[in-house]
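> I am attaching a structure below and will ask some questions about it afterwards.
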Amino acid sequence: MKLGLTYSNVLLVPKKTFLSSRSEADIKTRFTRNVSLNIPLVSSNMASVTEHKMAIAMAREGGLGVIHQFGARGEQVEEVKKVKHSTSYVIDDPVCIGVGANVTEAVSKMKNDGVTSLLVKEGEELVGIFTSKDYLFEENWEKPLVEVMTPKERLITAPYGIGTEEAKKVLRQHRIEKLPLMQDGRLRGLMTTKDIKRLEQWPDACRDEKGRLRVGAAIGVKDTLDRARELVSAGVDVLVLDVAHAHSEIVIQRLKELKANFKVDIMVGNIATAEAAKDLIEAGADGLKVGIGPSQVCSTRIISGAGVPQLTAIMDVVAVAKEYGVPVTADGGLKYPGDVSKAIAGGASTIYSGSFFAGTDESPGMVIMKDGRRYKQYFGSASYQSSHLRKENERGKLVKERLDVFVEGVSNLVDYKGPVSEVINGLVRGLSSGVSYCGARNIKEMQEKAEFIRITMAGWKESNTSGMKMSE
């Protein structure tokens, strides 16, 4: 009978380091074949973990957030759009409004679209710009836009393709915050001081070729193509085909359909064996997600009796995936910062976690006070809470009766943790230290040089200290 090991069964053997400081460690990596990250941290597609606020925060720090699929299709698409519109070098599709609108209509559109300015057009011609300053002291909101906007003759524009430094000079010279970009007399885009400042504030952010933050989105096997089509149109960077047991005929069929219809990377999971890795890669997977039942809010192993201890599962899948150049992400079972080092050293390119990032300011839900302490709710994707939320979204109304659903997950309260950036910083430092202890300079060298040693329960107790646990 094969032995299965998880993170608490092993330690990494320390080796001579060539780094003067752990901050010198290079932890850049890949999530899928064509999606690179500056840090190997991904927030999971759980309803209590990742919506646009978490995805934006993760990408700004260099990682990635995967928007959950437990809302209506349109809601998930809007979450993706919020991430993609949050920052960019150039806004290729700036929000516009027709010249016939009035102030009330314009302000309403600005609020609905989450912007502070509108480009005013007559047909395809740019005729002015309307910003929040234009209605600051306006008393008559029925007044036509043409009477309050900055008209075309006073509008400062620049040619499409202008560099960031040149754009900064124009913005500074004219003391403006919005710079429409023109090509052959037609509006092609927009640059703003806010976006440029954001680019400089987060230099290590995970961005696409247009400077927009990268974001992933999860899909299932039911409305797969329709949901994928809308998400791809919204600009999603990677799709995660997320099923509890992904080594199945229906998942392979959906994967082939996705690869035939869309030019976007597909991460597939969850799996735990080499056989599953081979079948899914040959069906077109650009990345593999490993983890059958290791999460603290997943009861699959207890309910079904099936699963593979997480470190062994990672190594088994990586043994096949590396032959094809397909990255692997380790999903679940992470309790301590050191577990990230062990997962990466075991061959995973990234870690995929809900527990690390739940309970932060950016996770959905309110802060709950209980016995003088602050908490937030955290529940598994296969929990009753997730099933109930999904049913309410399907019906478009509250569901008061208890549903008859099969549950392989639980719900609990986790300590409120504050900004997710602080959690990320701690995990990054721990991993950088792990790279150094393996005698490596980067993740690739870490995986080549890593040596594990099995430990006894006494060895684990000796390793452990009170107060270090990061997730419950």
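The values are calculated or read from the model by the stated rules, or taken from the named source; none is laboratory data. Bear in mind the structure is a predicted one, so any value in this text is a computation, not a measurement. Cβ atoms come from the backbone with ideal geometry, glycine included; neighbour counts cover every protein chain shown.
> Quick check on the range 464-471. Is at least one of its residues under 27 Å from the mean Cα position of the chain (by Cα) and either on the phi > 0 side of the Ramachandran plot or modelled with pLDDT of 95 or more (or both)? Working first, answer last.
If we filter the range 464-471 for residues that are under 27 Å from the mean Cα position of the chain (by Cα), which is where we start, we get 468-471.
Those still in the list that are either on the phi > 0 side of the Ramachandran plot or modelled with pLDDT of 95 or more (or both) too: none.
Checking the range 464-471: not a single residue is under 27 Å from the mean Cα position of the chain (by Cα) and either on the phi > 0 side of the Ramachandran plot or modelled with pLDDT of 95 or more (or both).
> When you check Ala25 against the structure, is it assigned by TED's automatic domain parsing to the domain that holds Val308, among the hydrophobic types (A, V, I, L, M, F, W, C) and under 17 Å from Gly354 (Cα atoms), yes or no?
Numbers: assigned by TED's automatic domain parsing to the domain that holds Val308: yes; among the hydrophobic types (A, V, I, L, M, F, W, C): yes; under 17 Å from Gly354 (Cα atoms): no.
It is false that Ala25 is assigned by TED's automatic domain parsing to the domain that holds Val308, among the hydrophobic types (A, V, I, L, M, F, W, C) and under 17 Å from Gly354 (Cα atoms).
> Which residues, taken from the range 41-51, are in a loop (DSSP other than H, G, I, E, B) and aliphatic (A, V, I, L, M)?
Initially, the range 41-51 is screened for residues in a loop (DSSP other than H, G, I, E, B), giving 44-51.
Met46, Ala47, Val49, listed by residue number.
> Given (1) under 24 Å from Pro14 (Cα atoms); (2) modelled with pLDDT under 90; (3) of a type outside the set (Ser, Thr, Tyr), identify the lone condition not met by Gly439.
Looking at each condition in turn, Gly439 falls short on (2).
> May I ask you to list the residues in the range 21-40 that are over 17 Å from the mean Cα position of the chain (by Cα) and part of a strand (DSSP E or B)?
Within the range 21-40, Asp26 is the sole residue that qualifies.
> Within the range 9-20, can one find any residue that is assigned to a helix (DSSP H, G or I), farther than 20 Å from Val236 by Cβ and at pLDDT 95 or above? Spell out the reasoning first.
First, pick out the residues of the range 9-20 that are assigned to a helix (DSSP H, G or I): 9.
From the residues that got through so far, the ones that are farther than 20 Å from Val236 by Cβ too are 9.
Imposing the further condition that a residue be at pLDDT 95 or above reduces the set to 9.
Yes: one or more hits.
> Considering only residues that are within 9 Å of Ala25 (Cβ to Cβ) and among the hydroxyl-bearing types (Ser, Thr, Tyr), look in the range 422-451 and name the one that is surrounded by the fewest Cβ atoms within 10 Å (Cβ to Cβ).
So, considering only residues that are within 9 Å of Ala25 (Cβ to Cβ) and among the hydroxyl-bearing types (Ser, Thr, Tyr), the one surrounded by the fewest Cβ atoms within 10 Å (Cβ to Cβ) is Ser433.
> Now a separate question. Out of curiosity, is Met110 modelled with pLDDT under 90, more than 14 Å from Thr192 (Cα to Cα) and surrounded by 13 or more Cβ atoms within 10 Å (Cβ to Cβ)?
On the way: modelled with pLDDT under 90: yes; more than 14 Å from Thr192 (Cα to Cα): yes; surrounded by 13 or more Cβ atoms within 10 Å (Cβ to Cβ): yes.
Considered against the rule, which asks whether it is modelled with pLDDT under 90, more than 14 Å from Thr192 (Cα to Cα) and surrounded by 13 or more Cβ atoms within 10 Å (Cβ to Cβ), Met110 comes out as yes.
> Here is a follow-up. Just checking, does the range 170-179 include any residue being surrounded by fewer than 17 Cβ atoms within 10 Å (Cβ to Cβ), without any contact (Cβ under 8 Å) to a residue 60 or more places away in the chain, charged (D, E, K, R) and not in a loop (DSSP other than H, G, I, E, B)?
Looking through the range 170-179, at least one residue is surrounded by fewer than 17 Cβ atoms within 10 Å (Cβ to Cβ), without any contact (Cβ under 8 Å) to a residue 60 or more places away in the chain, charged (D, E, K, R) and not in a loop (DSSP other than H, G, I, E, B).
> Now a separate question. Only one of these is assigned by TED's automatic domain parsing to the domain that holds Gln377 and without any contact (Cβ under 8 Å) to a residue 60 or more places away in the chain: Thr300, Thr273. Name it. Before you say what the answer is, go through the steps one by one.
Details: Thr300 fails: without any contact (Cβ under 8 Å) to a residue 60 or more places away in the chain.
Of the residues listed, the single one that is assigned by TED's automatic domain parsing to the domain that holds Gln377 and without any contact (Cβ under 8 Å) to a residue 60 or more places away in the chain is Thr273.
> Among residues belonging to the range 284-311 that are surrounded by fewer than 24 Cβ atoms within 10 Å (Cβ to Cβ) and in contact with a Leu (Cβ under 7 Å, 6 or more places away or on another chain), point out the one that is nearest to Leu3 (Cα to Cα).
Applying the filter and picking the extreme gives Pro309.
> Another question, then. Report the residue count in the range 206-222 for those that are in contact (Cβ under 8 Å) with a residue 40 or more places away in the chain, surrounded by fewer than 19 Cβ atoms within 10 Å (Cβ to Cβ) and under 26 Å from Ala276 (Cα atoms).
Of the residues in the range 206-222, the ones in contact (Cβ under 8 Å) with a residue 40 or more places away in the chain are 206-207, 210-220.
Applying the additional criterion that residues be surrounded by fewer than 19 Cβ atoms within 10 Å (Cβ to Cβ) yields 210-211, 220.
Adding the requirement that they be under 26 Å from Ala276 (Cα atoms) leaves 220.
Within the range 206-222, residues that are in contact (Cβ under 8 Å) with a residue 40 or more places away in the chain, surrounded by fewer than 19 Cβ atoms within 10 Å (Cβ to Cβ) and under 26 Å from Ala276 (Cα atoms) number 1.
> Of the conditions (1) touching a strand residue (DSSP E or B) at 6+ places or on another chain (Cβ under 7 Å); (2) under 19 Å from Asn38 (Cβ atoms); (3) assigned to a loop (DSSP other than H, G, I, E, B), Val340 satisfies every one except a single condition; which number is it?
(3)
> Please indicate, with yes or no, whether at least one residue in the range 253-267 is under 16 Å from Gly291 (Cβ atoms) and either at pLDDT 95 or above or in contact with a Leu (Cβ under 6 Å, 6 or more places away or on another chain) (or both). Break it down into steps so the answer makes sense when it comes.
Taking the range 253-267 and keeping what is under 16 Å from Gly291 (Cβ atoms), we get 267.
Checking which are either at pLDDT 95 or above or in contact with a Leu (Cβ under 6 Å, 6 or more places away or on another chain) (or both) leaves us with 267.
Looking through the range 253-267, at least one residue is under 16 Å from Gly291 (Cβ atoms) and either at pLDDT 95 or above or in contact with a Leu (Cβ under 6 Å, 6 or more places away or on another chain) (or both).
> Quick check on my filter: what residues within the range 265-298 are more than 20 Å from Val320 (Cβ to Cβ) and in contact with a strand residue (DSSP E or B) (Cβ under 6 Å, 6 or more places away or on another chain)? Talk me through it step by step, then tell me what you get.
As a first pass, look at the range 265-298 and keep what is more than 20 Å from Val320 (Cβ to Cβ): 293, 295-298.
The answer is Val297, Cys298.
> Follow-up. When you scan the range 228-256, how many residues do you find that are within 14 Å of Ala218 (Cβ to Cβ) and over 21 Å from the mean Cα position of the chain (by Cα)?
Going through the range 228-256 one residue at a time, the tally reaches 2.
> Anything in the range 191-235 that is under 21 Å from Asp93 (Cα atoms) and of a type in the set (Lys, Arg)? List them, or say none.
Lys194, Lys197, Arg198, Arg207, Lys210, Arg212, Arg214, Arg229
Yes/no per residue for (1) of a type in the set (A, V, I, L, M); (2) buried (at least 20 other Cβ atoms within 10 Å of the Cβ); (3) closer than 30 Å to Met191 by Cα:
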site	(1), (2), (3)
Val35	yes, yes, yes
Ser44	no, yes, no
Met54	yes, yes, yes
Gly62	no, yes, yes
Phe70	no, yes, no
Gly74	no, no, yes
Val80	yes, yes, yes
Asp93	no, no, yes
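> Residues to consider are Leu225, Leu241; find the one that is farther than 18 Å from His85 by Cβ, outside the structural domain of Leu179 (by TED's automatic domain parsing) and surrounded by fewer than 17 Cβ atoms within 10 Å (Cβ to Cβ). Walk me through how you get there before you give the answer.
On the way: Leu241 fails: surrounded by fewer than 17 Cβ atoms within 10 Å (Cβ to Cβ).
Answer to the selection: Leu225.
> Also, I was wondering about something else. Is it fair to say Ile281 is more than 20 Å from the chain's Cα centre (by Cα), buried (at least 16 other Cβ atoms within 10 Å of the Cβ) and not in a helix (DSSP H, G or I)? Please lay out each step first, then the result.
On the way: more than 20 Å from the chain's Cα centre (by Cα): yes; buried (at least 16 other Cβ atoms within 10 Å of the Cβ): yes; not in a helix (DSSP H, G or I): no.
Here the answer is no, as Ile281 does not meet what is asked.
> Which residue out of Val318, Val268, Val251 is surrounded by 23 or more Cβ atoms within 10 Å (Cβ to Cβ) and part of a strand (DSSP E or B)?
Values: Val318 fails: part of a strand (DSSP E or B); Val251 fails: part of a strand (DSSP E or B).
None of the other options fit; the residue is Val268.
> Also: Given (1) of a type outside the set (Gly, Ala, Ser); (2) at pLDDT below 95; (3) under 26 Å from Lys28 (Cβ atoms), identify the lone condition not met by Ile344.
Answer for Ile344: the failing condition is (2).
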